[in-house]
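Each remark here refers to the structure printed beneath this line.
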Amino acid sequence: MKGAGTRAEARAAFLFLAPALGAIGLFFMVPVAAVLLLSFTDFDIYGLADSGNTRFMGLANYLTLLRSDLFWEALGNTLIYALVGGPLTVAMALAAALLVDSRLARFKGLFRTIYFAPVVTTLVAVAVVWRYLYHPRFGLLNSVLGWVGIGPIDWLGDPRWALPAMILLAVWKNFGYAMILIIGGLQTIPPQLYESARIDGAGWWREFRHITLPMLSPTFLLVGVITAVGYFQIFAEPYVMTRGGGPLNATLSVVLFMYKEGFRWWNMGFAAAVAFVLFLVILAFTALHFWLQRGNRE
Amino acid sequence: MPKVLGLLLLALTLAGCGGRDGDGRVTLELWAFGREGEVVQELMPEFERLHPDLRVRVQQVPWTAAHEKLLTAFVGEATPDLAQVGNTWIPELAAIGALEPLDARIAGSSAPSKIATNDHFPGIWDTNVIDGEVYGIPWYVDTRLIFYRRDLLAEAGYTELPRTWAEWRRMMEAIKARSGPKRFAIFLPTDEWQQPVALGLQNGSPLLSDGGGRGAFSEPAFREAFDFYLGLYRDGLAPAAGNNQIANVYQPFAAGDFALYITGPWNIGEFRRRLPPEMQDRWMTAPLPGPEGPGVALAGGASLSIFQRSEKKDAAWKLIEYLSAPEQQIRFYELSGDLPANRHAWNDPSLANDPPLRAFWEQLQRVAPTPKVPEWEQIATKVYEHAETAIRGRATSEQALAALDRDVDRILEKRRFLLSRRAEGRAEP
């Protein structure tokens, strides 16, 4: 904010921002405050019957949460979803974007559509197909592994494999969106840069390393944050694929944990505490992400 | 805010009806779940013929969403006039005041569609009684018992299933000894709480102590049953596998991968449809053995309940009477395969002459309810979660049960608070 504008400019800017700020205030700040208040109570099924049954609990929900093994398990899984699934998604998206955007590629529109299709496909429909792929006896994946002599893996039933299986599905389902953003980023790189690099004798790798990657870094920031936040909020994949986080909670995510507490058991106060903790985790992660990339933006 | 939301929903519902009430008839709204929701519609034309002033709108809800939808509807003040209610949900819905007590209506019920307590299986009826008041009329009944391969039992030297745990266990050992390391005597899915809980009830465990205020899973009655259950996995009689690891249970059953399987009446139809023809005379059902003789099984099934907020309770009661009559119960059985709650319906040849149903008839005389606390479903999932850690060797039986009791005590904390507050309220004059 160097060279601040006049007061009139500031006022105009505020007027332009007002509708968006109003919407954020109404639909974001107010619910967040409500959740925060709710998280200090033990509002539950008994509270539904008679609001006199709701107690002010102070920080008790948060303490219970911190002592709950299941929450830590869910948080651990969620971090794996985000820290493994996130980079994998971005890497897949980058690879796909480079292929689709390559000067040599034909039918660019078609491929872009194909890669983007999973993003807009209903997860429930996708789940039906993927459950077949992962089927321990008749699944395509195990048949392919069988050809190279790897014994059958019980993808969704074995606690060790269920989380990787879920991440694979999530990466396939989500990379298309990041790909579109990266293609947008690629197309803003001036072609002159590549031309001059080639004149200087740079090969494909050095072009990629010294032109494409640095020029894409603002895009990476955006894509990284969006993808990671998406993974922190992963819900539908384990909800439909493993009947809510099984086996042995190996695929349970924080949002799924919150959903079960809130809507299955109606421990709304406790679920609100989970929601608020997740909000803080995502906030911290996003702040960290911005901080790590701060050099690139200037 | 819930009021406004409720009104909005109501407005939407009314708009959805398209003013079919224009002819002066009363429209009842009935929610039914899954397959039941599908087939109950076929019983409605007859009801509407008998009661020309009534119409029934059946809303079909998938089972997986049913429980959440009922609670959400209660919050949004958009409950139907009556609904099918899984009988383990009744304590919860009664606790929040969603359901109408039915005692007066049962007392006033008269022939030809009289609803009488002794027309029902006592253990099933009991699941509908909370603090002495009846909140639902059993619609269909359900319990889990043993489906077994007659030929494999015969090979091991048994013509029928033993009645005590000790003999039952000896029989499973004999089957296992003949079938080899890759096959098992019994399939007990590790992700089902029903099996350890039924064994615990058989052994006299109350499951909860202090009036439903604390878990009683570490106490000897449950621990003995749990050790028996755990032993089946530890000694290789049962595979340590959950439902999602065995996609199609009928194939391994037909292949002889296990000889016994504890499951419910819905599988009678499935076994007939899915097992190959040559298997059809090789399977049968048997009641659960118990520690010292025939044991209890879990009282399952669903009831029909009227919602407190309904303005058409008299009409809703007529529909319950109609659906409880033996003729409709038999038709419903033929359409859905759900076992009739009305015992008179069992005299019909379609039920009385069906061999696999005999074990169910016998078992239904001996069924026990799970603890009637609103938190039960939550406790039940904890049971199998902790049982699974012991089955997979991540905890000893003592550790698993102690951890289970800790979780259950935490879940019941609010209930203990409310119980003690109520007790104090009574102590003060």
Filter the stretch B:50-72 down to the residues that are more than 21 Å from A:ARG243 (Cβ to Cβ) and either assigned to a helix (DSSP H, G or I) or in contact with a helix residue (DSSP H, G or I) (Cβ under 9 Å, 6 or more places away or on another chain) (or both) and list them by number. B:LEU50, B:HIS51, B:ASP53, B:LEU54, B:ARG55, B:VAL56, B:ARG57, B:VAL58, B:GLN59, B:GLN60
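With more than 16 Å from the chain's Cα centre (by Cα), more than 14 Å from chain A (Cβ to nearest Cβ), more than 22 Å from B:GLY86 (Cα to Cα) and in a helix (DSSP H, G or I) as the only criterion, which of B:GLU334, B:GLU321, B:GLU327, B:GLU388 stands out?
B:GLU327
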Out of the stretch B:337-353, which residues are in a loop (DSSP other than H, G, I, E, B) and either touching a residue at least 40 places away in the same chain (Cβ under 8 Å) or of a type in the set (S, T, N, Q) (or both)? B:GLY337, B:ASP338, B:ALA341, B:ASN353
Checklist (1) out of contact with any Pro (no Cβ under 9 Å at 6 or more places or on another chain); (2) among the hydrophobic types (A, V, I, L, M, F, W, C); (3) modelled with pLDDT under 90; (4) part of a loop (DSSP other than H, G, I, E, B) applied to A:VAL128, failing item: (4)
Return the only residue of B:ARG163, B:ARG149 being in contact with a Gly (Cβ under 6 Å, 6 or more places away or on another chain) and more than 24 Å from B:GLU388 (Cβ to Cβ). B:ARG163
Take the stretch B:91-113 and flag every residue that is within 22 Å of the chain's Cα centre (by Cα) and over 19 Å from A:ASN53 (Cβ atoms). B:GLU100, B:PRO101, B:LEU102
Among the residues in the stretch A:278-295, are any under 28 Å from B:HIS386 (Cα atoms) and either part of a loop (DSSP other than H, G, I, E, B) or in contact with a helix residue (DSSP H, G or I) (Cβ under 9 Å, 6 or more places away or on another chain) (or both)? yes
Top-ranked residue of the stretch A:47-65 - restricted to ones that are small (Gly, Ala, Ser) and either surrounded by 18 or more Cβ atoms within 10 Å (Cβ to Cβ) or in a helix (DSSP H, G or I) (or both), ranked as nearest to the chain's Cα centre (by Cα): A:ALA60
Only one of these conditions is not met by A:PRO152: (1) assigned to a helix (DSSP H, G or I); (2) within 14 Å of chain B (Cβ to nearest Cβ). Which number is it? (1)
Can you tell me how many residues in the stretch B:239-275 are touching a residue at least 60 places away in the same chain (Cβ under 8 Å) and more than 14 Å from chain A (Cβ to nearest Cβ)? 15
Residues that are aromatic (Phe, Trp, Tyr) and more than 19 Å from B:ARG392 (Cβ to Cβ): which helices (runs of 4 or more DSSP H) entirely in the stretch B:204-282 hold 2 or more of them? B:250-255, B:266-274
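Residues being outside any helix (DSSP H, G or I), within 14 Å of chain B (Cβ to nearest Cβ) and in contact (Cβ under 8 Å) with a residue 12 or more places away in the chain: count how many of those fall in the stretch A:223-264.
10
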Within the stretch A:5-25, is there a residue that is of a type in the set (Lys, Arg) and out of contact with any strand residue (DSSP E or B) (no Cβ under 9 Å at 6 or more places or on another chain)? yes
Any hit, the stretch B:411-426, residues being more than 23 Å from the chain's Cα centre (by Cα), under 30 Å from B:GLU100 (Cβ atoms) and of a type in the set (Asp, Glu): yes
Under 6 Å between Cβ atoms, at least 6 apart or on separate chains: pull out the pairs that start in the stretch B:382-411 with a residue that is assigned by TED's automatic domain parsing to the domain that holds B:PHE226 and end on any residue that is outside any helix (DSSP H, G or I) and β-branched (Val, Ile, Thr). B:GLU388/B:THR190; B:ILE391/B:THR190
Residue check, B:PHE47 in the same structural domain as B:ALA315 (by TED's automatic domain parsing) and under 21 Å from B:LYS372 (Cα atoms): no
Inspect the stretch A:192-203 for any residue being modelled with pLDDT of 90 or more, among the acidic types (Asp, Glu) and either in a helix (DSSP H, G or I) or touching a Pro at 6+ places or on another chain (Cβ under 8 Å) (or both) and give the result as yes or no. yes
Any chance B:LEU99 is within 14 Å of chain A (Cβ to nearest Cβ), at pLDDT 95 or above and in contact with a helix residue (DSSP H, G or I) (Cβ under 6 Å, 6 or more places away or on another chain): yes
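The values are calculated or read from the model by the stated rules, or taken from the named source; none is laboratory data. Here the structure is a predicted model, which means the values were calculated and not measured. Glycine also receives a Cβ, built like all others from the backbone with ideal geometry; neighbour counts cover every protein chain displayed.
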